[in-house]
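A short worksheet on the structure shown next.
The values are calculated or read from the model by the stated rules, or taken from the named source; none is laboratory data. What you see is a predicted model; the values in this text were computed from it and never measured. Virtual Cβ from ideal backbone geometry, glycine too; neighbours counted across all protein chains shown. What goes into the accessible areas is simple: the full protein's heavy atoms, side chains included, and nothing from ligands, DNA or RNA. Shrake-Rupley method; radii C 1.70, N 1.55, O 1.52, S 1.80 Å.
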Amino acid sequence: MDAITAGRTPEQALDALALLLIEQGHCDHKTIERARRVAAESGQRLDSVMIQLGLVTERGLAEAYAALLGARIVTPDRYPEEKLFPERLTARFLRTARALPIAMEDDALVVAATDPLDPFIPAAISAATGRRVVVDIAVPIEIEAAFDRLYRDEDTEEAAAGEDNGAPLEEDAERLKDLASEAPVIRLVNQLISRAVETQASDIHIEPFEDRLRVRYRYDGVLQEAESPPVRLTPAITSRIKIMAKLDIAERRLPQDGRIKLAVRGQEVDFRVSTIPSLWGETVVMRVLDRTAVAFDYAKLGLPAGVIAKLTEALNLPNGIVLVTGPTGSGKTTTLYSGLLALNSVTRKVVTVEDPIEYQLRGINQIQVKPQIGLTFASLLRSILRQDPDVIMVGEIRDLETAQIAVQAALTGHLVLSTLHTNSAAASITRLRDMGLEDYLLTAVLRGVLAQRLVRRLCAACKREEEAAPEMVERFDLARRTNHRPVMLWHPVGCPQCRGTGYRGRLAIAEFLQPDATIEHLIFAHAEHSEIEKAAVAAGMETMFDSGMAAALEGVTTIEEVMRSIRAVEA
């Protein structure tokens, strides 16, 4: 380490690194002191402890290394297209060292390394290659992507080295356990997970087929395919994930659900795991529940200001039912959690009944539904009422029994929040009526219905503005919706920041229905949801379609996204 750090002792180098982390704003003095105590107790290096505890990001540490050593941070475009010195440097050694030769510069071999303070790495590479070594700083996820691209074949051979060519892998649960515990398989699964967290994917889909194992990540509601792992590793990869989720790897005929809690890149992340048997193996879906990537704030969700005001007004009422509606994946739970956190206080008892619990909320009593032992929404809701809560959140109203108990809770002075799967706010009223809920109960307790969809935001770095085509202006009546002439619309382009999609992040478009005397009359008259919606619009409700058109004209999203989301045919 002395040669690398210009004469400093290891302790001095780490002290200097700690000061740089503070100066660059990556952490504070208290954080450093906490890490020092843990390092002293565990015998580990200070920088390693800070990464493991999530006290500093990997990129932040790389920037501090670069400043300390006067080295460059390796950008993705600097990684080579071909391996350097493959006959002298094995994939196993480089993976273990987390170092990769990237170029020859002035008779020196430039090596990207995630730990530039380890003197063994450049010394070993220099001895193996006979070249002088210069160390540059690698960001872990980027060097791992380069490893995946350059050493894919070696990883496959290493993983398959212990395979028994006799019995099929699926027939031996113990053998699956052994294979799932092999280093290459563990590394491969960890990389799939790390990439999802780093790139802010919401789901990982692992789907086996006859000739390949397809891996896809969901970004902003849209699936994108990633490089496929070797198909021969399908059973081992599936088994590894099932072991991590504490599922039965011998059971491959029935669906299973589990949960994984991991420290990924220094931050705690939960994963909800679902496996379902398919023709060529088990399909695995992992929902990424990263609290740091989710903002429980109405404005950050993109809800229109008018909708936020009406929703807040409804949630501040002492009793009644407030519903959030929309299809699966429309952000209903995130909106409800935002409302619950706003209501959460020392003076209120807040209880939720969920299936499943997605995020753990501090100070809120959350209960998981378990139908297999009789813990249903209805039975739990009935028991919760005996605990004198002020606010109850029911994950979903699925049947008449749950609806009736929710109404009973609202009538006896509780505020009840829940969700429904309907296409619009007005359709929620007819859905509850179709379940068998009496009209007079519905009008007595319903305080408001929020219907929402999620649309992708245009990437701010690359979006392009153009004059709207006359056909678009006419079809969507855009001239009425804006005073700007000519009418301008923004379009996606694609750049590295948005992975070439033209979109980055999502926002909610929504409508909020507040029952008034006219709507109550229509409910009693058994009116269709279209009539109820017309009455709500007449009373001032902005529809989801209008909300989406406003967002498109503001350049936040596109008309195509709005149409895809709400499946509207015409304005």
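Taking the conditions exactly as written (at pLDDT 95 or above and surrounded by fewer than 20 Cβ atoms within 10 Å (Cβ to Cβ)), does V322 satisfy them or not?
When the stated conditions are applied, V322 does not pass them.
Take the residues of the stretch 217-246 that are part of a loop (DSSP other than H, G, I, E, B) and touching a helix residue (DSSP H, G or I) at 6+ places or on another chain (Cβ under 8 Å): which is farthest from H205 (Cα to Cα)?
Restricting to residues being part of a loop (DSSP other than H, G, I, E, B) and touching a helix residue (DSSP H, G or I) at 6+ places or on another chain (Cβ under 8 Å), the top hit is P230.
Quick one: which residue in S202, S194 is among the polar types (S, T, N, Q), within 20 Å of E144 (Cα to Cα) and either without any contact (Cβ under 8 Å) to a residue 60 or more places away in the chain or in contact with a Lys or Arg (Cβ under 9 Å, 6 or more places away or on another chain) (or both)?
Answer to the selection: S194.
Of the residues Q366, Q408, only one is closer than 30 Å to H526 by Cβ and at pLDDT 90 or above; which?
Q408
Of everything in the stretch 428-453 that's in a loop (DSSP other than H, G, I, E, B) and in contact (Cβ under 8 Å) with a residue 12 or more places away in the chain, which residue is surrounded by the fewest Cβ atoms within 10 Å (Cβ to Cβ)?
The selected residue is G436.
Can R456 be described as open to solvent by 10 Å² or more (accessible area, probe 1.4 Å), touching a Phe, Trp or Tyr at 6+ places or on another chain (Cβ under 6 Å) and either in a loop (DSSP other than H, G, I, E, B) or not hydrophobic (A, V, I, L, M, F, W, C) (or both)?
Yes, satisfied.
Restricted to the stretch 17-52, and to residues that are of a type in the set (G, A, S) and more than 30 Å from the chain's Cα centre (by Cα), which residue is nearest to A71 (Cα to Cα)?
A18
Would you check which residues across the stretch 103-114 are part of a loop (DSSP other than H, G, I, E, B) and modelled with pLDDT of 90 or more and list them?
Listed by number, the list holds a single entry, T114.
Exactly one condition in (1) modelled with pLDDT under 90; (2) out of contact with any strand residue (DSSP E or B) (no Cβ under 9 Å at 6 or more places or on another chain); (3) not aliphatic (A, V, I, L, M) is false for T312; which is it?
Exception for T312: condition (1).
When the stretch 479-502 is examined, which residues are found to be open to solvent by less than 20 Å² (accessible area, probe 1.4 Å) and not in a loop (DSSP other than H, G, I, E, B)?
If the condition is that a residue be open to solvent by less than 20 Å² (accessible area, probe 1.4 Å) and not in a loop (DSSP other than H, G, I, E, B), then L489, C498 are the ones that fit.
Answer yes if at least one residue in the stretch 119-133 is open to solvent by less than 10 Å² (accessible area, probe 1.4 Å), part of a strand (DSSP E or B), at pLDDT 90 or above and over 19 Å from S48 (Cβ atoms), and no otherwise.
There is no residue in the stretch 119-133 that is open to solvent by less than 10 Å² (accessible area, probe 1.4 Å), part of a strand (DSSP E or B), at pLDDT 90 or above and over 19 Å from S48 (Cβ atoms).
What pairs come out if I take residues in the stretch 19-36 that are in a loop (DSSP other than H, G, I, E, B) and pair them with residues that are of a type in the set (A, V, I, L, M) whose C-beta lies under 6 Å away, six or more apart or interchain?
Note: pairs meeting the criteria are H26/V56; C27/L21; C27/L55; C27/V56.
Could you list all residues from the stretch 519-571 that are among the acidic types (D, E) and open to solvent by 30 Å² or more (accessible area, probe 1.4 Å)?
Once the filter is applied, which keeps residues that are among the acidic types (D, E) and open to solvent by 30 Å² or more (accessible area, probe 1.4 Å), the stretch 519-571 yields E520, E528, E531, E533, E542, D546, E554, E560, E570.
Provide a single number: the residues in the stretch 224-239 that are within 20 Å of R252 (Cβ to Cβ) and free of Cβ contacts under 8 Å to residues at least 24 places away in the same chain.
Total meeting the criteria: 1.
Among what's in the stretch 504-514 and is open to solvent by 20 Å² or more (accessible area, probe 1.4 Å) and part of a strand (DSSP E or B), pick the residue that is farthest from M544 (Cα to Cα).
So, considering only residues that are open to solvent by 20 Å² or more (accessible area, probe 1.4 Å) and part of a strand (DSSP E or B), the one farthest from M544 (Cα to Cα) is R504.
Residue check: is T312 open to solvent by less than 30 Å² (accessible area, probe 1.4 Å), within 19 Å of L446 (Cα to Cα) and either among the hydroxyl-bearing types (S, T, Y) or free of Cβ contacts under 8 Å to residues at least 40 places away in the same chain (or both)?
Considered against the rule, which asks whether it is open to solvent by less than 30 Å² (accessible area, probe 1.4 Å), within 19 Å of L446 (Cα to Cα) and either among the hydroxyl-bearing types (S, T, Y) or free of Cβ contacts under 8 Å to residues at least 40 places away in the same chain (or both), T312 comes out as no.
Open to solvent by 50 Å² or more (accessible area, probe 1.4 Å) and farther than 24 Å from I143 by Cβ - does that describe any residue in the stretch 55-77?
no
Consider the stretch 236-247. How many of its residues are of a type outside the set (S, T, N, Q) and open to solvent by less than 20 Å² (accessible area, probe 1.4 Å)?
Summing the residues that are of a type outside the set (S, T, N, Q) and open to solvent by less than 20 Å² (accessible area, probe 1.4 Å) in the stretch 236-247 gives 5.
Before we move on, is G306 part of a loop (DSSP other than H, G, I, E, B) and open to solvent by 20 Å² or more (accessible area, probe 1.4 Å)?
So G306 does not fit the description; no.
So which of A145, A167 is part of a loop (DSSP other than H, G, I, E, B), among the hydrophobic types (A, V, I, L, M, F, W, C) and either modelled with pLDDT of 65 or more or open to solvent by less than 70 Å² (accessible area, probe 1.4 Å) (or both)?
When all the criteria are applied, what remains is A167.
Could you list, in sequence order, the residues of the stretch 66-102 that are on the phi > 0 side of the Ramachandran plot and either touching a residue at least 12 places away in the same chain (Cβ under 8 Å) or assigned to a helix (DSSP H, G or I) (or both)?
Passing the criteria: F85, R98.
Restricting the stretch 251-277 to residues that are open to solvent by less than 60 Å² (accessible area, probe 1.4 Å) and not in a strand (DSSP E or B), which is farthest from V56 (Cα to Cα)?
So, considering only residues that are open to solvent by less than 60 Å² (accessible area, probe 1.4 Å) and not in a strand (DSSP E or B), the one farthest from V56 (Cα to Cα) is E251.
Give me a count of the residues in the stretch 366-400 that are open to solvent by 70 Å² or more (accessible area, probe 1.4 Å) and either in contact with a Leu (Cβ under 7 Å, 6 or more places away or on another chain) or without any contact (Cβ under 8 Å) to a residue 24 or more places away in the chain (or both).
The number of residues fulfilling the criteria is 7.
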